[in-house]
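Take a look at the structure below.
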Amino acid sequence: MAREAREGRSRERERDRHGEGGDDIIDKLVTINRVAKVVKGGRRFAFAALVVVGDQKGRVGYGAGKAREVPEAIRKATEQARRAMVRIPLREGRTLHHDIIGRYGAGEVIVRAAKPGTGIIAGGPMRAIFEALGVQDVVAKSVGTSNPHNMIKATFQALNRSVSPRSVAARRGRKVSEILGRRDAGAEARE
């Protein structure tokens, strides 16, 4: 009992150090699942944790960890999430550049860019991703499964397909103003 308390305190200090350092990575616990294995003497319980981490400046990652104790499962998931962080291009540091649909298994998510002041309109696991990513204005909808693992993987699949106008212009050998100007001209023609 005393050993577990000491380990918990040292883990808190470790988390504080990571927060005070240059990386400023925050972590959000999405879900904890208790699973039971029936053995000769009864049931053995284990815990599975799903964690999202991000620096709120365009980098985000997720991880899953399993262990016999909850804190150990969370620690494993957090370490995996830190190793799996990816950079997502953001418009003005507050929203996405365009609307995206992501699919993983039975999960499908629709992620849309939003005007300033909209906030994060998303549920559960997707909200944790956008808060860790640093997105302030986004509208997201989960269609299909409500399984947190599939929702997170579908959201990451969508975010990984997000591209900035700068990368599109570089790929096409054009200027950013030509790419954005054409989109604005199309909007004026419709009005």
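Every read-out reported here was derived from the displayed coordinates using simple, explicitly stated rules and does not represent laboratory data. The structure presented is a predicted model; accordingly, all values stated were derived computationally and were not measured. For neighbour counting, all protein chains shown are included, and Cβ atoms are generated from backbone atoms with ideal geometry for every residue, glycine included.
Can you list residues from other chains, or at least 5 along the same chain, whose modelled amide H is less than 5 Å from the amide H of H97?
The answer is R91.
Mind pulling up the Rg/Rh value for the range 100-190? Radius of gyration and Kirkwood radius, both on Cα.
Using only Cα positions, Rg/Rh for the range 100-190 is 1.06.
So, in Å, what gap is there between the alpha-carbon centers of the range 47-77 and the range 90-122?
Here the two parts' Cα centres lie 22 Å apart.
Please list the non-local residues whose amide H lies under 5 Å from the amide H of I120, H modeled 1.01 Å from N, same-chain partners needing a gap of 5 or more.
Distant-sequence amide H within range of I120: V138.
Give me S177, S164 sorted ascending by neighbouring Cβ count inside 10 Å, so fewest comes first.
In increasing order of surrounding Cβ atoms, one gets S177, S164.
From the phi angles alone, apply the Karplus equation (6.51, -1.76, 1.60; θ = phi - 60°) to the range 65-75 and give each ³J(HN,Hα) in whole Hz, x where the residue is Gly or Pro.
The phi angles translate into x, 10, 7, 6, 10, 4, x, 5, 5, 5, 4 Hz.
Given K115/K141; K40/K153; K40/K76, which pairs have Cα atoms separated by over 26 Å?
Checking Cα-Cα distances, K40/K153; K40/K76 exceed 26 Å.
Collect residues whose amide H, placed 1.01 Å from N in the peptide plane, falls under 5 Å from the amide H of N147; neighbours closer than 5 in sequence don't count.
Distant-sequence amide H within range of N147: zero hits.
When every alpha-carbon pair in the range 127-174 is counted, what percent end up more than 17 Å apart?
47
Once phi is turned into ³J(HN,Hα) by the Karplus curve 6.51 cos²θ - 1.76 cosθ + 1.60 with θ = phi - 60°, what whole-Hz value does each residue of the range 128-139 show in order, with x for glycine and proline?
Whole-Hz 3J(HN,Hα) from phi for the range 128-139: 4, 5, 5, 5, 5, 6, x, 6, 9, 10, 7, 10.
Tell me, what is the FRET efficiency for R44 and V143 to the nearest 0.05, using R0 = 30 angstrom and their Cβ-Cβ distance as r?
Efficiency at R0 = 30 Å is approximately 0.20.
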